[in-house]
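> Here it is, the structure, as structure tokens.
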């Protein structure tokens, strides 16, 4: 039942996961279409009106369309970040990259005016840091033999940024004058990193395989922007990088999907282990021949009853049973017949007791029954009914099988499990000494008022 319930929950989680991915996919498709369509409309309108609207809309539409998508990805990563199965370092660096990317796009849209010095400074600083952050994300997913190259690439970008920032603070316009060196570094290092990611993907790295499309788009757009805007190798007005950022959800959704699969697999394995442990515990407490509990369960049941009714006398009783002349059965009919007698005897007793009672094979042909909520008199009457039931049963034709029983009750304060078992054993010995096939109770040492209350 527990496994079926967990499978049902997994089915609901799978539908929820599919809904999230479908919504993200629609958002990923519709936003660039919306941005491109609106961009085209504004471009043709500005061309017809001699271009007054073109500077206003050329970068803004793509940047504004990226904001809800980036916010969705960041919230999705933060939502799954708290899970113990989450690759938290990778999530942190990916969130930092997404935030920096949005800062870069906003600054690219706002820093077109020459008077906006703060926007220009942030835009150029983000330009230097973007490839470093992207390579730090790649460092977390690429195979270990390639990590040294990626880490050296990150250090190269950070070193160039620190030099340019120091020159900028010294008044030498280091961020602007360092852009040619920055783009040369991009042209020199990023194809090598991309090749290593491709090699890792072909070697079976699923994370590198998922990052190929965003990496190819961002790398190609970054190199295109450098060739067009910095070196003037191409004619372009604006940046291509905001348009390829719509490929980033491919990698983000892959990460979330992998985490959901790991959590689901862990849940199923945990459920299987719990069932296996419960089954192993049950088997360790069951007697293989008779199907009733063994002595391990008896000790646990007695401890539980004593904890519940430590000082209350007469709250439960113990009945010890012994099959009469069982050794003669083994000697005359064989041990197989003796085993059948034990199994039939156990089945007969278990079918006549309450579900709350605990029936245990004490050892050999001796059995113990814990009668919960029964005082001495009630336990004695029940033991007599069981004795008659065994006597009437045809356990081993033509031989009649009988049993002797002893009954003892919990005395409450001052009593122990050892004393209780000793008293019930003495009562059983008295039944056997008195001629067998009878029930003997321990001497009544509890006041009648207490027994009547029970």
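> So, in Å, what gap is there between the alpha-carbon centers of region 87-102 and region 139-204?
Taking the Cα centre of region 139-204 as reference, the centre of region 87-102 is 17 Å away.
> How large is the Kirkwood hydrodynamic radius of region 295-453, counting all unique pairs of alpha carbons, in Å?
Values: mean 1/r = 0.0629 Å⁻¹.
In region 295-453 this quantity evaluates to 15.9 Å.
> Points 7 angstrom from Cα along the Cβ direction at residue 339 and residue 419: gap in nanometres?
That separation, rounded to one decimal, is 4.2 nm.
> Wrap a convex hull around the Cα atoms of region 73-165, take a quarter of its surface area, and give that in square nanometres. All intermediate terms of the calculation are to be shown ahead of the outcome.
Values: hull surface 28.0 nm².
Averaging across all directions leaves 7.0 nm² for the Cα convex hull.
> For region 310-355 and region 401-428, what is the centre-to-centre distance using only Cα atoms, to the nearest Å?
Their Cα centres are 15 Å away from one another.
> Highest first, please rank the peptides 392-400, 240-248 by the mean number of other Cβ atoms sitting within 10 Å of their residues. Please list the in-between numbers first.
On the way: 392-400: 12.7, 240-248: 21.1.
Descending packing order for the listed peptides: 240-248, 392-400.
> Please give the peptides 378-386, 150-158, 350-358 ranked by average Cβ packing (other Cβ atoms within 10 Å per residue), highest first, as a rough proxy for protection.
On the way: 378-386: 19.3, 150-158: 17.2, 350-358: 13.3.
Per-residue Cβ counts within 10 Å, averaged per peptide and sorted highest first, yield 378-386, 150-158, 350-358.
> Take each of the peptides 119-126, 265-272, 289-296, average the number of other beta-carbon atoms within 10 Å over its residues, and list them starting from the highest. Could you put the intermediate results ahead of the total?
Details: 119-126: 19.0, 265-272: 12.8, 289-296: 16.9.
Taking the mean over residues of other Cβ atoms within 10 Å, the ranking is 119-126, 289-296, 265-272.
Quick note: the coordinates plus some simple rules give every number you see, no bench work behind them. None of the values given here were measured: they were computed from a predicted structure. Using ideal geometry, Cβ is built from the backbone for each residue, glycine included, and neighbour counts are taken over all protein chains shown.
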